[in-house]
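Participant: What follows is a single structure, and I will ask about it in a moment.
The values are calculated or read from the model by the stated rules, or taken from the named source; none is laboratory data. Quick caveat, the model's predicted, so the values are computed rather than measured. We place every Cβ from the backbone using ideal geometry, glycine too, and count neighbours over all the protein chains shown.
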Amino acid sequence: MWYFVAPEVVYGRDAITRLSQLQGKLAFIVTDTNMVKLGFVDKVKEQLSQAGIESTVFDAVEPDPSVETVEKGMAEINKCKPDWIVAVGGGSVMDAAKGMSAGYERPDVRVEEINPFTPLGPRTKAKLVCIPTTSGTGAEATWGMVLTITAERRKGSFGCRDCTPDIAIVDPEFALAMPPGLTAQTGMDVLTHAVEGFTSTWKNDFSDGLLLRAIQIVFQYLPRAYKNGQDWEAREKMHNAACIAGIGFINSMCALAHACAHSLGGVFHVPHGRAVGLFLPYTIEFIGDAREELWAEIAYAIKRDVPVGKKAAPILAQTIRELARNVGEPLSIKELGIPQDDFDNSLAKLVDNAMMDFQLVTTARAPNAEETEKFFRYVYDGKSIDF
Ligand SMILES: [Zn+2]
């Protein structure tokens, strides 16, 4: 027996009007100051007011949100007792909102203790709506939350399927404000979810089709959305792809690229999408033969030829490097501007963090500590994996 979990998804232009159909009295809006400046929070409030719902705003979510921020939000929620929690923002905001929602529902459980094997039970106090403003994490559809444990300089993944948002509102208008760099990073995150989810050890019939379709959409539309942020069709497709990949991978999990990216991000504050996209081609090369048929299947889906007698893994890795280059993303850790000394001094920590990451469990070929160290060194230098 297994589960496939997904929220109600409302997508396409004007999807935001779904808010005007909600029933309730008070919404607690979780967001950041940038979303307030962009006018997105006002748009959300306006729709809620049409439903007769008042709003209160918590706009203090930082990038890579900490457990402390979640606790601050929980304290506010406990004061005002809303019947809806509405997250407006990128993955950081949505993950923080999931943590606050869980803490509101179950004050007896600490957010760092929530894991896939300890169900929380259904939400009875407030439902959770997520409105993404980036086309990347798919956090609007997933139960996972990546939160920073500040004292330990690491990011941890928490959550269980009861943390899945109730409603995901995937309205392309909310993605239009992304600058090209953010479009590229978050788009590479979508691709990494889709490729890792399609090839993880938990891959399954329900996720496979979603993930393969998301891969096709990224190759077709990410360069367009990157070059012209006002290309509505490309924006809508990428916004959909992010959510589709989110639903897919949360039911099959990710792999080595995510484990290494969480580790790198915890130590050097590299944006999540940039980090996972950077590790993806190396991950494909490292897993190699363990998933050869699936690399070939992906290559076929995006119309890349794998000549007879050649392996699909290096061809797919190269194709992904070309896409990354095309959208201005780095191909090595060195290119991120991290000096060799800093990298060398942090290598032991990077390896430790990655080895502790749950995503290694679902990696088709998981590295040991020695291989992980070698892997990081290769990625630092931009050398293709040959071991
Ligand atoms: Zn990701």
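Participant: Is there a residue being modelled with pLDDT under 95, within 11 Å of the ligand (Cβ to nearest atom) and not in a helix (DSSP H, G or I) anywhere in region 272-287?
Facilitator: The answer is no; no qualifying residue exists.
Participant: Let me ask you something else. With respect to ARG110, determine if the residue is without any contact (Cβ under 8 Å) to a residue 24 or more places away in the chain and either within 16 Å of the ligand (Cβ to nearest atom) or within 30 Å of THR186 (Cα to Cα) (or both).
Facilitator: Criteria met by ARG110.
Participant: For residues that are farther than 26 Å from LYS237 by Cβ and in contact (Cβ under 8 Å) with a residue 60 or more places away in the chain, scanning just region 28-58, find the one that is surrounded by the fewest Cβ atoms within 10 Å (Cβ to Cβ).
Facilitator: For region 28-58, the residue satisfying everything is PHE28.
Participant: While we're looking at this one, here's another question. Restricting attention to region 380-387, does a residue exist that is part of a loop (DSSP other than H, G, I, E, B), closer than 28 Å to ASN228 by Cα and either touching a residue at least 24 places away in the same chain (Cβ under 8 Å) or not assigned by TED's automatic domain parsing to the domain that holds LYS203 (or both)?
Facilitator: no
Participant: Please work out which one of (1) surrounded by fewer than 19 Cβ atoms within 10 Å (Cβ to Cβ); (2) closer than 25 Å to THR186 by Cβ; (3) in contact (Cβ under 8 Å) with a residue 40 or more places away in the chain; (4) within 21 Å of the chain's Cα centre (by Cα) is the condition ASN115 fails and give its number.
Facilitator: (2)
Participant: Quick one: count up the residues across region 328-355 that are surrounded by fewer than 15 Cβ atoms within 10 Å (Cβ to Cβ), touching a residue at least 24 places away in the same chain (Cβ under 8 Å) and assigned to a loop (DSSP other than H, G, I, E, B).
Facilitator: 1
Participant: Would you pick out the residues in region 210-267 that are among the polar types (S, T, N, Q) and within 16 Å of the ligand (Cβ to nearest atom)?
Facilitator: Hits for region 210-267 are ASN251, SER252, SER263.
Participant: Output the strands (runs of 3 or more DSSP E) that fall wholly within region 1-93 and possess 1 or more residues being over 30 Å from ALA275 (Cα atoms) and not hydroxyl-bearing (Ser, Thr, Tyr), or say none.
Facilitator: Answer list for region 1-93: 26-30, 54-58, 84-89.
Participant: In region 356-375, is there at least one residue being within 23 Å of the chain's Cα centre (by Cα), in a helix (DSSP H, G or I) and farther than 21 Å from VAL270 by Cα?
Facilitator: Looking for residues that are within 23 Å of the chain's Cα centre (by Cα), in a helix (DSSP H, G or I) and farther than 21 Å from VAL270 by Cα, one finds at least one in region 356-375, hence yes.
Participant: The conditions are (1) surrounded by fewer than 14 Cβ atoms within 10 Å (Cβ to Cβ); (2) on the phi < 0 side of the Ramachandran plot, and GLY12 fails exactly one of them. Which is it?
Facilitator: (2)
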